[in-house]
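The values are calculated or read from the model by the stated rules, or taken from the named source; none is laboratory data. The structure presented is a predicted model; accordingly, all values stated were derived computationally and were not measured. Note that we place each Cβ from the backbone using ideal geometry, even for glycine, and neighbour counts take in every protein chain shown. Note: accessible area is taken over every heavy atom of the protein model, side chains too, but ligands, DNA and RNA are not part of it. Shrake-Rupley method; radii C 1.70, N 1.55, O 1.52, S 1.80 Å.
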Amino acid sequence: MRNVLEEFLEHRHWQRKPTILGLREHIFTGSVSSLAWFMSNQETSFVTIGQRTLANPLRVRFHYGHPDIFDRIFHLTRGGISKASKTINLSEDIFSGFNSTLRGGYVTHHEYIQVGKGRDVGMNQISLFEAKVANGNGEQTMSRDVYRLGRRFDFYRMLSFYFTTVGFYFSSMVTVIIVYVFLYGRLYMVLSGLEGSILLSVQQSNSLEAALATQSVYQLGLLLVLPMVMEIGLERGFRTALGDFIIMQLQLASVFFTFQLGTKAHYYGRTLLHGGAKYRATGRGFVVFHAKFADNYRLYSRSHFVKGLELLMLLIVYDVYGKAYRNLSIYWFVTYSIWFLVASWLFAPFVFNPSGFEWQKTVDDWTDWKRWMGNRGGIGIQQDLSWESWWESELEHLKHTDIWGRVLEIILACRFFIYQYGIVYHLNIAHNSQSFLVYGLSWLVAATVLLVLKMVSMGRRKFGTDFQLMFRTLKLLLFFSFLSVMTVLFVVCGLTIVDLFASILCFMPTGWAILLIGQACRSMMKGIGFWDSIKELARGYEYVMGILIFMPIVILSWFPFVTEFQTRLLFNQAFSRGLQISMIISGRKDKASSSSSTS
């Protein structure tokens, strides 16, 4: 410490004394699980080779919550260390580095002393931390401090500053947006018939296939692992780095980092659109226990599951309507990285959840999730006890956003109407008609379905408890009406079974778009009395999404070897040391049961 403090007296850089002495860190929690190992390697590369480069020669190192040493008098006489606003300055640590640089200070980095640090070791902890940092970067993007730094740096230092702070999160968001734009563009081409004529003309082009294969490899984000490999190579040798890289891939590191890409993009984009960043307490405890399905659903529903199901539906429609003319190799090169992205976003929380595929825990999770979905909300009801309370909290950012935020939400929701517009003209019942009347009739069908759901909801509220016979009679009449209409459509109009499945792909996104628009226009919906209908529609979609995501977990839970494989995957280093991981995971439950039996 004495040597470090002497650095304050040095005048090495343009006759300026340092104002923040940066120190490297040693992450000691890497051996807990595979996730802890991934985060430990990622953090080690950031706090050593990353910080070293940021400090010299880029000169854009700030303060990141690390054990840095501050020149107290310099900072207290120039505005203090922290900022006052708990929203804009959510990541208050980096603002102290901004202040120091703006006021003529200098930040260094030293590696002859290091400080131990524990990082998050559980999937949910890591995701909460990434969400908090992404929210903070969204607020930094809109802050005056970043604006002033960008205006006062020279051109090259400005670029270094951008790419090492908010630019990383902005590029992550753009990466996800490009996947959406790419798939919606391909969907438009395949539904309009343009893609068939284009691909038939270039079917023999081997160079095109090679180009598509190359960009698909980069799309997986393998280049993001390069700093990690370089750091391990510098410290422990490149053969060790190559071995660690291979082991990380076998332990599904690509799945984990692809999942975290979705976390960064969602929370950064939401903060840019609506603001309202908030602190998320992660805790740094020794977390090795099974997270319930309802907990995972609450945490990842809006950030990953909804987006993953949307991309999955895009891929299915793209595959079904272009299969007749498509070259299989080109299709695989174009879409395999997106299939990987979808699988990571939908199932990574369960793959990295200890005992995630154990049958008894799966049954308990389903019971807990059904109870959570059915409970009514209200004042004082916590989010983990009721779906309604959680849903209201998820819409909180729309309560405080401005008019432009609502307009952008409505415009973005209109993308779902592309499904409906494109698919209805491919139905057999349309008889290849290009008339606009076909699209109008599809809206009539959608309105009829929503009206029937509204009638059932109103009937349940009015007659469900006191007039059971009347309510059941209403449902019977609706059922016979549905059978009559379907019979007429099959016999007279030429409806087919394929059309029924296509209609599900067509109208499910339409209902979700109506739901998003209704949530953005909350005040108007309450004024005309439609808010309860919006809430019931949302509950129905949540049930469908939960069942779709839960079904693969149930199927995998039937096979006992899946649990063994998952435990080995998550705790490979512990197995190498001879630890009994199953006893550690179930230790909390055994302890609780023994204490209850004793009492």
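What the table shows:
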{"item": "Residue in segment 383-398 that is more than 30 Å from residue 183 (Cβ to Cβ), more than 20 Å from the chain's Cα centre (by Cα) and assigned to a loop (DSSP other than H, G, I, E, B) present", "result": "yes"}
{"item": "One residue from 520, 502 being touching a residue at least 60 places away in the same chain (Cβ under 8 Å) and closer than 30 Å to residue 397 by Cβ", "result": "520"}
{"item": "Test set (1) open to solvent by 30 Å² or more (accessible area, probe 1.4 Å); (2) under 21 Å from residue 297 (Cβ atoms); (3) part of a helix (DSSP H, G or I); (4) in contact (Cβ under 8 Å) with a residue 60 or more places away in the chain - residue 370 fails condition number", "result": "(4)"}
{"item": "Residues (among the polar types (S, T, N, Q) and closer than 26 Å to residue 313 by Cβ) located in segment 507-544", "result": "510, 519, 533"}
{"item": "Filter result for residue 190 (of a type outside the set (Phe, Trp, Tyr), at pLDDT below 90, assigned to a loop (DSSP other than H, G, I, E, B) and farther than 20 Å from residue 61 by Cβ)", "result": "no"}
{"item": "Residues within segment 70-95 that are in contact (Cβ under 8 Å) with a residue 40 or more places away in the chain and either among the small types (Gly, Ala, Ser) or touching a Ser or Thr at 6+ places or on another chain (Cβ under 6 Å) (or both), tallied", "result": "4"}
{"item": "Cβ pairs under 8 Å, 6+ apart, first in segment 159-184 and in contact (Cβ under 8 Å) with a residue 60 or more places away in the chain, second among the aromatic types (Phe, Trp, Tyr) and surrounded by 19 or more Cβ atoms within 10 Å (Cβ to Cβ)", "result": "165/62; 169/268; 170/268; 172/268; 173/268; 183/318"}
{"item": "Test for residue 98: is it open to solvent by 20 Å² or more (accessible area, probe 1.4 Å), outside any loop (DSSP other than H, G, I, E, B) and within 24 Å of residue 274 (Cβ to Cβ)", "result": "no"}
{"item": "Selection within segment 373-389 - out of contact with any Gly (no Cβ under 8 Å at 6 or more places or on another chain) and surrounded by 13 or more Cβ atoms within 10 Å (Cβ to Cβ)", "result": "375, 377, 381, 383, 384, 385"}
{"item": "Restricting segment 271-295 to residues that are surrounded by 20 or more Cβ atoms within 10 Å (Cβ to Cβ) and either modelled with pLDDT of 90 or more or part of a helix (DSSP H, G or I) (or both), the residue that is nearest to the chain's Cα centre (by Cα)", "result": "271"}
{"item": "Some residue of segment 138-149 being in contact with a Ser or Thr (Cβ under 9 Å, 6 or more places away or on another chain) and among the aromatic types (Phe, Trp, Tyr)", "result": "no"}
{"item": "Criterion violated by residue 62 - all others in (1) farther than 29 Å from residue 351 by Cβ; (2) surrounded by fewer than 18 Cβ atoms within 10 Å (Cβ to Cβ) satisfied", "result": "(2)"}
{"item": "Test: residue 111 is in contact with a Lys or Arg (Cβ under 8 Å, 6 or more places away or on another chain), outside any loop (DSSP other than H, G, I, E, B), open to solvent by 20 Å² or more (accessible area, probe 1.4 Å) and among the acidic types (Asp, Glu)", "result": "yes"}
{"item": "Single residue of segment 9-40 satisfying the filter (modelled with pLDDT under 90 and β-branched (Val, Ile, Thr)) that is farthest from residue 106 (Cα to Cα)", "result": "32"}
{"item": "Every residue from segment 72-95 that is more than 21 Å from residue 47 (Cβ to Cβ), of a type in the set (D, E, K, R) and buried (at least 18 other Cβ atoms within 10 Å of the Cβ)", "result": "83"}
{"item": "Near pairs, Cβ below 7 angstrom, 6+ apart or cross-chain, from segment 33-47 (touching a residue at least 12 places away in the same chain (Cβ under 8 Å) and open to solvent by less than 10 Å² (accessible area, probe 1.4 Å)) to any residue that is in a helix (DSSP H, G or I) and of a type in the set (Gly, Ala, Ser)", "result": "38/253"}
{"item": "Out of 43, 6, sole residue that is touching a strand residue (DSSP E or B) at 6+ places or on another chain (Cβ under 7 Å) and either modelled with pLDDT of 90 or more or part of a helix (DSSP H, G or I) (or both)", "result": "43"}
{"item": "Test: residue in segment 549-567 that is touching a residue at least 12 places away in the same chain (Cβ under 8 Å), β-branched (Val, Ile, Thr) and under 30 Å from residue 456 (Cα atoms)", "result": "yes"}
{"item": "Among the candidates 306, 320, 363, residue that is of a type in the set (A, V, I, L, M, F, W, C) and either surrounded by 17 or more Cβ atoms within 10 Å (Cβ to Cβ) or under 28 Å from residue 271 (Cβ atoms) (or both)", "result": "306"}
{"item": "Candidate set from segment 492-544 (those that are among the polar types (S, T, N, Q) and in a helix (DSSP H, G or I)); member that is farthest from residue 386 (Cα to Cα)", "result": "503"}
{"item": "Where residue 515 falls short, out of the listed (1) under 25 Å from residue 421 (Cα atoms); (2) touching a residue at least 40 places away in the same chain (Cβ under 8 Å)", "result": "(2)"}
{"item": "Contacts under 6 angstrom Cβ, first residue in segment 408-430 being surrounded by 15 or more Cβ atoms within 10 Å (Cβ to Cβ), partner part of a helix (DSSP H, G or I) and acidic (Asp, Glu), 6 or more apart", "result": "427/499; 429/499"}
{"item": "Number of the exception - residue 513 against (1) of a type in the set (Gly, Ala, Ser); (2) closer than 18 Å to residue 537 by Cβ; (3) modelled with pLDDT under 85", "result": "(3)"}
